[in-house]
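Taking it in order: structure first as structure tokens, then the write-up.
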Amino acid sequence: MITVKNLKKSFGDLEVLKDINAEIKAQEVVCVIGPSGSGKSTFLRCINKLEDITGGQVIVNGTDITDPKTNINKIREDVGMVFQQFNLFPHKTVLENVTLAPLKVKSTNKEEARDKALKLLAKVGLQDKSNAYPSQLSGGQKQRVAIARALAMDPKIMLFDEPTSALDPEMVGEVLEVMKDLAREGMTMVVVTHEMGFAREVGDRVLFMDGGYIVEENIPSELFGNTQHERTKSFLSKVL
Ligand code: ATP
Ligand code: MG
């Protein structure tokens, strides 16, 4: 579903991604872990071309997004993204936040978009908040709205960049639960996370990044239980 070949990304003289190779299959949940500054967010942002790619190839759903002829907006319709900082529109209600993109981008009519948004809000446990504004919600609730908003476009792939890192500890669980449900339903997911418990329990595969490379990748039981590389061991000893 996603193929990354020899991906390189520099910001000026700073080489952030040096040679990333990865294959993410349909319905797979791949968790990306690694120290701060190792390039995790940059990697994720390259998958829907939020960053200009310096070298290599990223193929999403059979389309090479590095090809200048590719309509990236069409690709992005299939790739939902959830960030650490929710990025909800503050002057729009929860319902408006969720219906905005389908109304704008897809030829969905208002009623259809509303029905679907209410279903998605129910799915993330927020059916009673549809008329609230983001400022009236807790962090965990905001993040669940952000997930519902991404799902409203019927994405084939969901990218999560540390979706729980900005949350108070008591709200982490409710967001992880929503993500677990999505994984169970077979959503293809790439999740950058500091939640090792989630990576271990929900991830089909874990990638450990350091210094712009994927240093080690494996199924969670092996990556955590039979760690191969010194750098991975040293990172895990600090976070576990
Ligand atoms: P964290 O765990 O702290 O989120 P990360 O693994 O996601 O870290 P990135 O955000 O991908 O790391 O950043 C990798 C490197 O690229 C860092 O040195 C960062 O300063 C640099 N970087 C990221 N975005 C830019 C940018 N727009 N311009 C210049 N440098 C950038
Ligand atoms: Mg990051």
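Of the trypsin sites (Lys or Arg not before Pro) found in segment 176-240, none is in coil by DSSP with at most 16 other Cβ atoms within 10 Å of its Cβ.
Assuming charge only on the beta carbon of Lys and Arg (+1) and of Asp and Glu (-1), the dipole of segment 50-196 about its Cα centre is about 560 debye to the nearest 20. Partners of residue 238 within straight-line reach, counting aspartates and glutamates whose Cα lies under 16 Å from its Cα and excluding those fewer than 8 residues away in the same chain: 195, 210, 230. Straight-distance candidates among the aspartates and glutamates for linking to residue 156, with alpha-carbon spacing under 19 Å and chain neighbours fewer than 8 residues away dropped: 23, 28, 64, 77, 78, 181, 185, 204. Subtracting the Cα-Cα distance of residue 61 and residue 13 from 0.36 nm times their residue separation leaves 14.1 nm of extension gain.
Report the calculated FRET efficiency for residue 180 and residue 222 (r = Cβ-Cβ distance, R0 = 22 Å), to the nearest 0.05.
Working: r = 21 Å, r/R0 = 0.96.
It comes to 0.55.
Taking 31 Å as the cut-off for C-alpha to C-alpha distance, list the pairs among 25/129; 5/233; 49/92 that go past it. From the list (25/129; 5/233; 49/92), the Cα-Cα distance tops 31 Å for 25/129. Annotation: for a label point projected 7 angstrom from Cα along Cα→Cβ of residue 239, residues of segment 36-50 with backbone N closer than 12 Å are 36-41.
Any read-out appearing in this document is the output of simple, stated calculations on the displayed coordinates, not a laboratory observation. Keep in mind that what you see is a predicted model, and the values were worked out from it rather than measured. Every residue, glycine as well, gets a Cβ built from its backbone with ideal geometry; the counts of neighbours run over all protein chains shown.
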